[in-house]
1. Please pick out the residue among Ser61, Ser14, Ser98 that is at pLDDT 95 or above, open to solvent by 10 Å² or more (accessible area, probe 1.4 Å) and hydroxyl-bearing (Ser, Thr, Tyr).
2. Spot the failing condition for Glu67; the list is (1) open to solvent by less than 90 Å² (accessible area, probe 1.4 Å); (2) more than 14 Å from Arg45 (Cα to Cα), and only one is missed.
3. Being of a type in the set (Lys, Arg) and surrounded by 21 or more Cβ atoms within 10 Å (Cβ to Cβ): is that true of Arg74 here?
4. If you go through the stretch 115-124 one residue at a time, do you hit one that is open to solvent by 90 Å² or more (accessible area, probe 1.4 Å) and assigned to a strand (DSSP E or B)?
5. Mind listing just one residue for me: the one in the stretch 130-155 that is buried (at least 19 other Cβ atoms within 10 Å of the Cβ) and not aromatic (Phe, Trp, Tyr) and, of those, nearest to the ligand (Cβ to nearest atom)?
6. Just to be sure before I move on: is Phe43 open to solvent by less than 40 Å² (accessible area, probe 1.4 Å) and at positive phi in the structure I sent?
7. So which strands (runs of 3 or more DSSP E) stay within the stretch 1-93 end to end and still have 2 or more residues that are away from the ligand (no atom under 14 Å from the Cβ)?
8. Tally up the residues in the stretch 128-177 that are aliphatic (A, V, I, L, M), part of a loop (DSSP other than H, G, I, E, B), in contact (Cβ under 8 Å) with a residue 24 or more places away in the chain and under 19 Å from Ala57 (Cβ atoms), please.
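The values are calculated or read from the model by the stated rules, or taken from the named source; none is laboratory data. The model shown is predicted, which means the values in this text are computed figures rather than measured ones. All Cβ positions, glycine included, derive from the backbone under ideal geometry; neighbour counts span all protein chains shown. Just so you know, the surface numbers come from the protein's heavy atoms only, side chains and all, with ligands and any DNA or RNA stripped out. Shrake-Rupley method; radii C 1.70, N 1.55, O 1.52, S 1.80 Å.
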Amino acid sequence: MTVDALPSPVRPSSGARLAVYPGSFDPIHNGHVDIILRGARLFDRIVVAVSRNAEKAPLFSVEERIELMREVFRDQPNVEVEAFDGLLVDYARHKHASVIVRGLRAVSDFEFEFQMALMNRRLSPEIETVFMMPAERYTYTSSRLVKEVFSLGGVVNGLVPEAVEGRLREKRSGGQA
Ligand code: PNS
């Protein structure tokens, strides 16, 4: 059997297998939580990495998003939450991560995800992108729809962690959502 020569995967000196799960998370919803918990079972550590350069007019600041996610995962010792700037692969290399995790909800996600994964592979062949599917009940959930439904008075209970729902309500009573 012949295969292309593959670069050795990145590993920290501890030998632990680390995955990075990047995104905007504005805000985190239960589909993200589902993927993170699945990832936390597969990898020794999973770093949820909030992009600082993703959205132009976010509802939550990067610091608010990080604070919310740290609260959600406070009982998961192998889940960390951080912000990152610049290229994702540079950040992943800096963390000694061998894997980038991305969620795939439906075929509509695939084209963009495929492009990103191949571009990231071109930039950094030693890092693999691993796609994970959330539970079926989250396949239609997105941060954009959660924000839209909430801002128009709809119920988002069950779609986002309680901490996020509370913070959305605070924003609305402060006139921001
Ligand atoms: O939650 P999102 O908006 O789908 O996340 C997209 C994100 C932040 C993962 C992507 O835009 C990204 O990786 N940004 C960092 C800059 C970068 O590396 N761009 C080239 C990716 S091919």
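1. Testing whether each residue is at pLDDT 95 or above, open to solvent by 10 Å² or more (accessible area, probe 1.4 Å) and hydroxyl-bearing (Ser, Thr, Tyr) leaves just Ser61.
2. Here Glu67 clears every test but (1).
3. When the stated conditions are applied, Arg74 does not pass them.
4. no
5. Result: Ser143.
6. no
7. 45-51, 79-84
8. Selection size over the stretch 128-177: 1.
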